[in-house]
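The values are calculated or read from the model by the stated rules, or taken from the named source; none is laboratory data. What you see is a predicted model; the values in this text were computed from it and never measured. So basically every Cβ, Gly included, is an ideal-geometry build from the backbone, and we count neighbours across all protein chains shown. The accessibility values were calculated without ligands, DNA or RNA, using every heavy atom of the protein model including side chains. Shrake-Rupley method; radii C 1.70, N 1.55, O 1.52, S 1.80 Å.
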Amino acid sequence: MIPIPKDILYCVAETPTGELIKASDAHKGGSYACPACKQSFVLRRGKRKRPHFAHKALSPNCTPETALHHSFKTLMHEKIQKHIEQSLPLKIQWDCSNCGEIHTGNLLKKAVKVQLEANLEICRPDIALLDKDGSTIAVIEVVVTHAPEETTLEYYQQNRIAIVIYSLDSDEDIKRLDDEVLKPDNVSLCTNPKCLKCGNKMTKKYLEIIDASCWKCHAPMKVAALSSRLWYLGISDFSDSDIQLANQKGCFLKSQYSNVEKERYIANTCRKCNRFIGNHYLFRDYVSFIELEREELDAGYYCHHCQ
Ligand SMILES: [Zn+2]
Ligand SMILES: [Zn+2]
Ligand SMILES: [Zn+2]
Ligand SMILES: [Zn+2]
């Protein structure tokens, strides 16, 4: 795989008092040093490029990637520290890869302490959040060049440590620290309730009520289908309460015998001619026919592990 070239400039410097300053807040003639290699920096404010810093002299072992990684995690640590000191929540929002929903929460709900480069058994996360018992409950990894090792991710998983990942492609990502709601690229946590039977996380279920017409007599007909954010569910996944809700909304779901499939199942039925929509056609002719108007209703949770 060819890596995509990253657009990274030196965008943060250290002041003589050890504070970090963004190039956009710096002024010409100020005294600045590189946060990674500590060599002298000069501020550059050109017409063609956004403000940035450059080493006064060649610093062969320093890269903008290293400096960005260092600055981002240090500033994130400072931000979290401030929130903890003032007992302020830190809102966070992420696309859940488990269920496809957008989850929101407070990153500091249980955290009372934040540590930069904490020394855990087998790894050193960029930032660790600890609860009142001193246990690590979440880590933040800032990825510029190196993604965390597979063994490290496994360690976090085994120890029930949530992983928050920021993947940075540009020095402009430094602005993401100012977001009122943190939006990391990946969070390993799904906030859905657990299944009582198998203990796995459940998935949110939606009931779609599609405005359609009967394939046989063309009378107007409301058609019900179930979906999650990531996939469609089969007709056999309809619970009694789903059927009740669909029928309240004008659908007509009833038990039918399919000569094709040689089995009995619940099917969307036409009130006028009593013909029904077979499993296969429900998806092909109704669900995936996006021109049809539809209403989406919350139908609670279901477990796709048990189903
Ligand atoms: Zn440097
Ligand atoms: Zn989720
Ligand atoms: Zn289950
Ligand atoms: Zn009909």
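The table below lists the values:
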| item | result |
| --- | --- |
| Paramagnetic label zone (point 7 Å from Cα along Cα-to-C-beta, residue 306; backbone N under 16 Å) in segment 229-254 | 237-242 |
| Cα-derived Rg to Rh of segment 63-215, Kirkwood definition | 1.05 |
| Relative contact order, percent, the chain [alpha-carbon distance under 8 Å, six or more residues apart] | 13 percent |
| Highest-first arrangement of 139-152, 81-94, where packing means the average Cβ count within 10 Å | 139-152, 81-94 |
| Range of Cα positions in segment 203-302 per principal axis (Å), largest first | 34, 29, 24 |
| Dipole in debye (nearest 20) - the chain, about Cα centre, beta carbon charges: Lys, Arg +1; Asp, Glu -1 | 540 debye |
| Burial order of peptide ranges 269-276, 7-14, 211-218 (average beta-carbon count within 10 Å, highest first) | 7-14, 269-276, 211-218 |
| Spacing of the two label points (7 Å from each Cα toward its C-beta) at residue 84 and residue 271, in nm | 6.1 nm |
| For the chain: accessible area per residue (Å², 1.4 Å) | 59 Å² |
| Listed residue pairs exceeding 22 Å between alpha carbons, taken from 91/205; 197/249; 28/56; 194/222; 22/79 | 91/205; 197/249; 194/222 |
| Highest-first arrangement of 114-121, 183-190, where packing means the average Cβ count within 10 Å | 183-190, 114-121 |
| Using alpha carbons only: equivalent-ellipsoid semi-axes of segment 12-59, gyration tensor based, whole Å | 16, 13, 8 |
| Heavy-atom accessible surface of segment 17-126: percent carbon and sulfur, 1.4 Å | 48 percent |
| Most positive-pole-ward Cα, 212, 280, 234, against dipole of the chain from beta carbon charges | 212 |
| Cβ-derived FRET efficiency at R0 25 Å, residue 149 paired with residue 169, nearest 0.05 | 0.75 |
| Reduced Cα scattering model of the chain, Debye log10 I(q)/I(0), q = 0.12 Å⁻¹ | -0.88 |
| Within the accessible area of segment 203-302 (1.4 Å probe), percent carbon and sulfur | 51 percent |
| Degrees, to the nearest 10: 64-85 long Cα axis against longest axis of the chain | 80 degrees |
